[in-house]
Each structure stands twice: as C-alpha cells, then as structure tokens.
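Visitor: The structure that follows is given in the form of structure tokens.
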Amino acid sequence: MIDATDRPEGFLRVSQELVRLGHPHAPTYLDIAARTSQEAADALGVAVGQIAKSVVFRRKSDEVAILVVASGDRRVDEKKVAQIVGPIGRADAQYVKAKTGFTIGGVSPLAHATPVVTLIDRELFRFDRVWAAAGHPHGVFPMTPAELEKLTGAPVHDVVQVPA
C-alpha cells in the first residue's frame, strides 16, 4: 500500500475537487489499471453499465473538448452529440491530456485542466450507483447519477446509440 501523498497528480486533483464539492465518497485507488469499462466493472464487481465512462471529442469550430459521460455498456452516438454541440471530431491522446489533464483511461468527469463542455447520457440513470474514473486508470469513485449531474453541472441528454 502506498501513502496517499504518493498518488498520481490527477488522482489527487480529483480527490481534492470531490472534497471541495462536498461529495461524500472519496475515490478508491485500485490495485490494477481499469482503462476500459469492462476492466473497471470486473475490478469493482459491478455491471459494465454502471461504469460512467468518459469519451472526449474535439469540437471543430473552436477546439473545445466535448466530454460525454456515458454508461459503459453503451456506444456514444457522435451524430446525436453533434446535434447538441456542433460538429465534432475524434480526440487523440495528446489532445485529451492537454484539455482534460488526464490520460485516456483515467479521464474524470470533473477537475479538468481547461474548461470542457460536458454531456451526461440519460442511460446512466438506469442504475442507483455508478462509478467514474478519478483522474488515473487506477482511480475510481462512486456516485448516483443525480450526484454526477450535480457535481458536473452538466445537462442530461440522449447521446448513445440504440442497443441492438
């Protein structure tokens, strides 16, 4: 077990932001990296849909990062997102790190390096509790979907593909 002060910077930043916002649950630092929704679900013993995955896009008009927080068992529908925020493109790892301050696999829904536009998918509300990345692939924190909405101040939309 490593000392809390030895945690990665992104994890500490998210931890501090959760305290500042009065969130009742501190993040957990997992023994294994959970870079995908399935890895996180397996590590936590929850359904993959309970993982609040962060998907980042690049808005073409102004280069602002668009963060979609969606259920881990759903695929983000880029056309639906673009209808809300304007034309978007893919975001590479360098862009994600520069805009959010986090590496892919550890992007938190809050405590970003620069302002981002965040959208929450309504499918997360199927669950009483969801888990999001806490600034590092080893870090996660729990909340209700309503708490996610409150913590981020983000609107809830239908931004995923219809399941087959």
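Just so you know, all these numbers are worked out from the coordinates, no wet-lab data involved. Since this is a predicted model, take the numbers as computed values, not measurements. Neighbour counts run over all protein chains shown; Cβ positions are idealised from the backbone, glycine included.
Visitor: Within the stretch 97-112, is there a residue that is part of a helix (DSSP H, G or I) and basic (Lys, Arg)?
Guide: Among the residues of the stretch 97-112, at least one is part of a helix (DSSP H, G or I) and basic (Lys, Arg), which makes the answer yes.
Visitor: Are any of the residues in the stretch 18-41 closer than 24 Å to ALA154 by Cα, surrounded by fewer than 13 Cβ atoms within 10 Å (Cβ to Cβ), free of Cβ contacts under 8 Å to residues at least 60 places away in the same chain and among the aliphatic types (A, V, I, L, M)?
Guide: yes
Visitor: Suppose we keep only residues that are over 13 Å from the mean Cα position of the chain (by Cα), of a type in the set (Lys, Arg) and more than 11 Å from ILE88 (Cβ to Cβ) within the stretch 46-77. Which one would you say is surrounded by the most Cβ atoms within 10 Å (Cβ to Cβ)?
Guide: It comes out as ARG74.
Visitor: Is it the case that LYS79 is farther than 15 Å from SER54 by Cα, free of Cβ contacts under 8 Å to residues at least 60 places away in the same chain and of a type outside the set (Gly, Ala, Ser)?
Guide: yes
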